[in-house]
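Chemist: One structure, pasted below without further comment.
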Amino acid sequence: MNAYPHRTRWAVVAAAGALAAALTVGAGTPALAAAPTATASALPPLDPAAVRAALAQRPAGDVSAAFVRITGSGGHFAGSSAEDGMTVDASGRFRIGSISKIFTATVVLQLAGEGRIDLDADVRQYLPDFPYQGVQVGQLLNHTSGLPNGDNGPWGDGSTGWFETHRLDSFTPEQVIATMAGEPLGFTPGTEQQYNGMNTFVAGLIVEKVTGHRYADELRQRIIRPLGLHDTALPDGDDPALRHPATHPYLTVPDADGGSHRADVTEQSPWPWAEGGMISSAADLDRFLTALFRGRLLPASEQERLFTVPDVPVAPHNNHCPGGKACMSMGLERLQTNGVTAWGKTGSRPGSTSGVFATRDLSRKVVYSVDPTALNGAETPYVLGLVATGFGLKSVV
C-alpha cells in the first residue's frame with residue numbers, strides 16, 4: 001500500500017496515509033528509543049454512545065457498510081452500520097490490505113531472533129540479484145530503504161472501471177519488483193522515511209530465500225496456526241474467493257451514458273501477497289495484536305523494534321507522517337494524539353479500508369472495517385471519526 005501523491009495508485013491507498021497523518025501529532029521519538037506507553041490516566045473512558053453515533057454518520061453513497069470492534073481492559077463495544085438491505089456479519093472475514101505488513105515484519109523479526117536474518121545486512125546478502133546496493137534488511141521494515149516506486153502496471157489507472165475489469169488479474173512478487181527496473185533510489189538508505197509497499201514484497205522474498213519455503217507456509221506455521229487464527233489466510237494469487245465475508249463490498253462504476261452501476265468486488269485477486277494480500281477477521285486481528293504486544297511471538301530485542309521509530313525526517317513525498325518526522329517502526333505505525341499513543345496499521349484494497357490499533361498496554365484495542373464505494377478516499381473523515389471515538393477522543397487533531 002503505497003502513498004505517493006504523484007502516482008496513480010488507487011486513491012484510497014493514499015487515504016490510509018492521510019488517516020495516519022491526521023491521527024499522529026507531536027514530536028518523533030529519539031533514535032533507538034521507543035515512544036512511551038500510554039498511561040491509564042491518559043486514555044479517556046470508552047463511550048459506546050459516541051461510537052454508535054460515529055457509526056451512524058456513515059456517508060451514504062461513499063460507504064456501503066462499516067463495523068468496529070473495541071476490546072481491552074478499558075471496555076468493550078461492537079457495532080455496525082450498513083445500507084438498507086445489506087447485512088454485516090461482524091464475525092466475518094475481510095481483505096486487510098497493508099495490515100498484512102505487520103505479519104510479514106513479524107516473520108522477518110522472528111528469523112532475526114533465530115539468527116537466520118541479520119537486519120543490518122545488505123539485502124544482496126540474501127537476494128544476490130537485487131538491483132540496489134547498500135539497502136539493509138531492517139530498512140525494508142521501517143521504510144527507510146529509499147526504494148523507488150515502480151510503475152503502475154499492477155495498479156492500473158486508479159479508476160473503478162479499470163479495477164472492475166482487472167480485479168481477477170494476478171501478478172507475482174517478482175513481476176511487481178521488476179517494475180522498479182531502471183529507477184534510481186529515492187534517497188540514501190537510512191536517511192529518510194518513505195512508506196513504500198515495494199519494501200514488503202522484497203522482505204517476503206527474503207523470507208522465502210532464507211527458509212526455502214513459500215512465504216505463505218512460513219506465515220501459517222509461525223503465526224496463524226500457533227495463535228489459532230482460523231479466519232486468517234494468505235490465499236494464492238489466483239484464488240479470488242472470500243469465504244464467510246463480513247460484507248459484500250462493491251464499487252460504483254460510471255457508465256458511458258452518464259449513469260453508473262455497482263461492481264461487486266468481494267472476489268478479487270490477492271496478488272499483493274506479503275504486502276497486502278491477506279484475509280482476516282476482527283477477532284483474529286485482535287488476537288494477533290494481543291499476542292504480538294504481549295511478547296508471545298518475538299524475543300525481547302526484536303519485540304522492542306516494533307515500538308522503535310527511527311529519528312529521521314520523512315521524504316518530500318511522504319504524506320503518511322506529519323510534522324516532518326518518521327512515524328513507522330519495523331512493522332507498525334505510531335498514532336499520537338491528545339496524550340494517547342497507539343500502535344497498529346491501516347490497510348486498503350478496493351472496496352475495503354480497515355485498521356487495527358492498540359495502546360501498548362492493551363487497555364484499548366480498536367479494529368474497524370469500512371467499505372468505500374470509490375477509490376478517492378472520500379471515506380477518510382468517517383474513518384477518522386470511528387478511530388477517534390474508539391479511543392475515547394472527541395477529535396483527532
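Chemist: Bin by bin, in steps of 5 Å, what percent of the Cα pairs in the stretch 65-203 do you find, going until the bin that has the longest distance?
Modeler: Each 5 Å bin holds this share of Cα pairs: 2, 8, 13, 16, 15, 13, 11, 10, 8, 3, 1, 0.
Chemist: Now for a separate question. Keeping every protein chain present and rolling a 1.4 Å probe, give me the accessible area per residue for the stretch 244-291 in Å².
Modeler: Details: 1600 Å² over 48 residues.
It amounts to 33 Å² per residue over the stretch 244-291.
Chemist: Subtract the Cα-Cα distance of Gln125 and Ala256 from 0.36 nm times their separation in residues, and report this length gain in nm to one decimal.
Modeler: That works out to 41.9 nm of additional length.
Chemist: Please compute the per residue accessible area over the stretch 135-220 with all protein chains in place, 1.4 Å probe, rounded to a whole number of Å².
Modeler: Here the per-residue accessible area is 35 Å².
Chemist: Let me understand the stretch 320-381 better: what is its radius of gyration from the alpha carbons, and its Dmax, in angstrom?
Modeler: 12.9, 36
Chemist: Using the scaling law 2.2 N^0.38 Å as the reference, what is the normalised Cα Rg of the stretch 358-397? Let's see the in-between values first.
Modeler: Working: Rg = 11.8 Å, N = 40, 2.2 N^0.38 = 8.9 Å.
The value comes to 1.32.
Chemist: Moving on. Once the dipole of the chain is set up with Lys and Arg at +1 and Asp and Glu at -1 on Cβ about the Cα centre, which of Gly324, Gly277, Gly339 lies farthest towards its positive end?
Modeler: Gly339
Chemist: Report the charge-dipole magnitude of the chain in Debye, nearest 20, computed about the Cα centre from +1 at each Lys and Arg Cβ and -1 at each Asp and Glu Cβ.
Modeler: Around 1220 debye, computed over the chain.
Chemist: Could you size up the charge dipole of the stretch 234-378 around its Cα centre, putting +1 on the beta carbon of Lys and Arg and -1 on that of Asp and Glu, and report it in debye to the nearest 20? It would help to have the intermediate numbers written out before the result.
Modeler: On the way: 13 positive and 16 negative charges, 157 e Å.
So the magnitude is around 760 debye.
Chemist: When the Cα atoms of the stretch 163-239 are enclosed in a convex hull and the volume is divided per residue, what value in Å³ results?
Modeler: Hull volume normalised by residue count: 158 Å³.
Chemist: Could you point to the residue in Gln125, Ala300, Asn152 farthest towards the positive end of the chain's charge dipole, with +1 and -1 charges on the Cβ of Lys/Arg and Asp/Glu respectively?
Modeler: Ala300
Chemist: Accessible area of the chain with a 1.4 Å probe: how many percent of it is carbon plus sulfur?
Modeler: Numbers: 7440 of 14320 Å².
Summing carbon and sulfur atoms, their accessible area is 52 percent of the total for the chain.
Chemist: Percent of Cα-Cα pairs more than 27 Å apart in the stretch 215-342, please.
Modeler: 41
Chemist: Further question on the same structure: Please find, in a Gaussian network model of the chain (springs between Cα atoms separated by less than 10 Å), the residue of Thr179, Thr211, Thr200 whose mean-square fluctuation is greatest.
Modeler: Among Thr179, Thr211, Thr200, the largest mean-square fluctuation in the Gaussian network model of the chain belongs to Thr211.
Chemist: Would you mind telling me the antiparallel percentage of the DSSP bridges in the chain, rounded to 5?
Modeler: Roughly 95 percent of the DSSP beta bridges within the chain come out antiparallel.
Chemist: Using helices alone, what [θ] at 222 nm do you get for the chain, with -39,500 (n - 2.57) per DSSP H run of 4 or more residues, divided over all residues and rounded to the nearest 500?
Modeler: The helix-only estimate for the chain comes to -7500 deg cm²/dmol at 222 nm.
Chemist: Right, here's the next one. Starting from the stretch 263-354, pick out the GluC sites (Glu not before Pro) whose DSSP state is loop and whose Cβ has at most 15 other Cβ atoms within 10 Å.
Modeler: Glu267
Chemist: Identify the trypsin sites (Lys or Arg not before Pro) of the stretch 213-271 meeting these criteria: DSSP loop state and at most 14 other C-beta atoms within 10 Å of the C-beta.
Modeler: Filter output for the stretch 213-271: Arg214, Arg243.
Chemist: Could you tell me how many cubic angstrom of Cα convex hull volume the stretch 269-397 has per residue?
Modeler: 134
Chemist: Still on this structure: If you place +1 on the Cβ of every Lys and Arg and -1 on the Cβ of every Asp and Glu, how big does the dipole about the Cα centre of the stretch 123-250 come out, in debye to the nearest 20?
Modeler: 480
Chemist: Once you wrap a convex hull around the alpha carbon atoms of the stretch 40-119, what is its projected area averaged over all directions, in nm²?
Modeler: 8.6
Chemist: Do me a favour and compute the ellipsoid semi-axes for the chain from its Cα gyration tensor, root of five times each eigenvalue, largest one first, whole Å.
Modeler: Output for the chain: semi-axes of 29, 26, 20 Å.
Chemist: Identify, among Val108, Gly85, Gly75, the residue whose Cα sits farthest towards the positive end of the charge dipole of the stretch 43-120, taking +1 on the Cβ of Lys and Arg and -1 on the Cβ of Asp and Glu, with the dipole about the Cα centre.
Modeler: Ranked along the dipole, the leading option is Gly85.
The values are calculated or read from the model by the stated rules, or taken from the named source; none is laboratory data. For clarity, every value in this text was computed on a predicted model and none was experimentally measured. Note that each Cβ is placed from the backbone with ideal geometry, even for glycine, and that neighbours are counted across all protein chains shown. In case anyone asks, the SASA skips ligands and DNA or RNA and just uses the protein heavy atoms, side chains included. Shrake-Rupley method; radii C 1.70, N 1.55, O 1.52, S 1.80 Å.
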